[in-house]
1. If I compute P(r) over Cα pairs in 10 Å bins from 0, in percent from the structure I just sent, which labelled value in (1) 16, 44, 26, 11, 3, 0; (2) 14, 40, 26, 11, 7, 2; (3) 13, 46, 35, 6, 0 lines up?
2. About the Cα centre of the chain, what is the dipole size in debye to 20, counting +1 per Lys and Arg Cβ and -1 per Asp and Glu Cβ, all else neutral?
3. Restricting to DSSP loop positions (anything but H, G, I, E, B) with no more than 11 other Cβ atoms inside 10 Å of their own Cβ, which chymotrypsin sites (Phe, Trp or Tyr not before Pro) remain in the stretch 32-100?
4. Where in the stretch 37-75 does the label zone of Asp86 land, with the point 7 angstrom along Cα→C-beta and an amide N cut-off under 12 Å?
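Bear in mind these aren't lab numbers, they're just calculated from the coordinates by the rules spelled out. Predicted model only: the values in this text are computed from it and were never measured. Using ideal geometry, Cβ is built from the backbone for each residue, glycine included, and neighbour counts are taken over all protein chains shown.
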Amino acid sequence: MTTSQSRTHQRPTARRIDDRYADLLALLPPDRRQAIVIRLAHGYYEGWTPSRAQMADLVGVELGVITVSEGITRERQRTRGQRVVDITALVLRAGHSHRM
């Protein structure tokens, strides 16, 4: 069997529930990251799949970029169909500065 043939017979890598948010979750300490992954898993079975912007809000609360109250307000605004500024880039910058 050639190398290319063996690759076609390999099982695909299973996707994890947190793959879409790996860069954001990597900013958190392991215990906080695991808590959010558990929340994702629980939410998945209730039909909740957060956008990257929603995940940035959750991570932003953990990092102190926004307060819990601000996070709740932002989610309520989304629910009402109001425009909410995406803070993903801000959270990523803040997370990288926390890690240094």
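1. The listed entry that was calculated here is (2).
2. With only Lys, Arg, Asp and Glu charged at Cβ, the dipole is about 240 debye.
3. When the chymotrypsin sites (Phe, Trp or Tyr not before Pro) of the stretch 32-100 are filtered for loop state and at most 11 Cβ neighbours within 10 Å, Tyr45, Trp48 remain.
4. Residues 51-56 fall inside that zone.
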